[in-house]
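The block underneath contains the structure these notes are about, expressed in structure tokens.
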Amino acid sequence: MVDVARPGSGTLRLVCFELCGQELALPIDDVRETVPVAPITRVFLTPPCLAGVFSLRGEIVPAIDLGVLLGLPPTAIGDDSRIVVIERDEGTAGLVVDRLRELRTLEDALEPPPANLPADVAALLLGVAATSSGTVRVLDARAVLHAEPLRSLASQEGSPA
């Protein structure tokens, strides 16, 4: 397993959130911002994990239903729901989550994803960390942006209609 703690610092800073009663996180370097759930416009003929698109100050951003992508039930939008906007060189997307949790700083390297996870879900994780409040699953933003169900969209964008 690759040590995902930041080189030189020995620590990994995380933006944590809840989804279906599980605590998940993303490295803070991959999170552009968190916003209340804006109106999401469904796009026809897209994978179920794509909830639709939303406007973020005029920028049209895809909204990913993280629950569906992880093989969980679709995310029900509630009063505490938020969109975690991730940004990498590959692009920007919003992840619909149940609620935000606190920021965390991990001093130790992450453990590999559990062997009992389906391979497509394990591929979306950098690893897991045991904390005093339970296990935190740390997502890999690059893997989420390149998840198999979303790859078909990227290839269709370049093809003629």
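The values are calculated or read from the model by the stated rules, or taken from the named source; none is laboratory data. In this text, all values refer to a predicted model and were calculated from it rather than measured experimentally. When we count neighbours, we look across all protein chains shown, and the Cβ atoms used for this are built from the backbone with ideal geometry, even at glycine.
Within region 28-76, which residues are out of contact with any strand residue (DSSP E or B) (no Cβ under 8 Å at 6 or more places or on another chain) and of a type in the set (Lys, Arg)?
Correct list: Arg57 only.
Those residues that are under 18 Å from Val43 (Cα atoms) and touching a helix residue (DSSP H, G or I) at 6+ places or on another chain (Cβ under 9 Å), I need them from region 63-75; list them, please.
Within region 63-75, Ile64, Leu66, Val68, Leu69, Pro74, Thr75 qualify.
Determine whether Ala25 is within 24 Å of Ala51 (Cα to Cα), part of a loop (DSSP other than H, G, I, E, B) and either at pLDDT 95 or above or touching a strand residue (DSSP E or B) at 6+ places or on another chain (Cβ under 6 Å) (or both). Even if it seems obvious, please write down each step before you answer.
Numbers: within 24 Å of Ala51 (Cα to Cα): yes; part of a loop (DSSP other than H, G, I, E, B): no; either at pLDDT 95 or above or touching a strand residue (DSSP E or B) at 6+ places or on another chain (Cβ under 6 Å) (or both): yes.
So Ala25 fails the test.
Return yes or no: is Arg99 modelled with pLDDT of 95 or more and over 12 Å from the mean Cα position of the chain (by Cα)?
Spelling it out, Arg99 is indeed modelled with pLDDT of 95 or more and over 12 Å from the mean Cα position of the chain (by Cα).
Six or more apart or on different chains, Cβ under 6 Å: which pairs go from a residue in region 93-110 that's within 11 Å of Thr75 (Cβ to Cβ) and assigned to a strand (DSSP E or B) to one that's aromatic (Phe, Trp, Tyr) and at pLDDT 95 or above? Could you list them?
So the pair list comes out as Val97/Phe17.
Can you find, within region 111-138, the residue that is farthest from Leu12 (Cα to Cα) among those that are assigned to a strand (DSSP E or B) and small (Gly, Ala, Ser)? Break it down into steps so the answer makes sense when it comes.
Residues of region 111-138 assigned to a strand (DSSP E or B): 111, 125-131, 134-138.
Then drop every residue that is not small (Gly, Ala, Ser), which leaves 127, 129-130, 134.
On the way: Gly127: 12, Ala129: 11, Ala130: 14, Gly134: 17 Å.
Checked region 111-138; the qualifying residue farthest from Leu12 (Cα to Cα) is Gly134.
Kindly indicate the residue of region 122-141 that is surrounded by fewer than 16 Cβ atoms within 10 Å (Cβ to Cβ) and within 20 Å of Val84 (Cβ to Cβ) and also modelled with the lowest pLDDT among those meeting that condition.
Ser133
Test Val43 against the criterion of being touching a Gly at 6+ places or on another chain (Cβ under 8 Å), among the β-branched types (Val, Ile, Thr), at pLDDT below 95 and over 14 Å from Asp140 (Cα atoms), and give yes or no.
Answer is yes for this residue.
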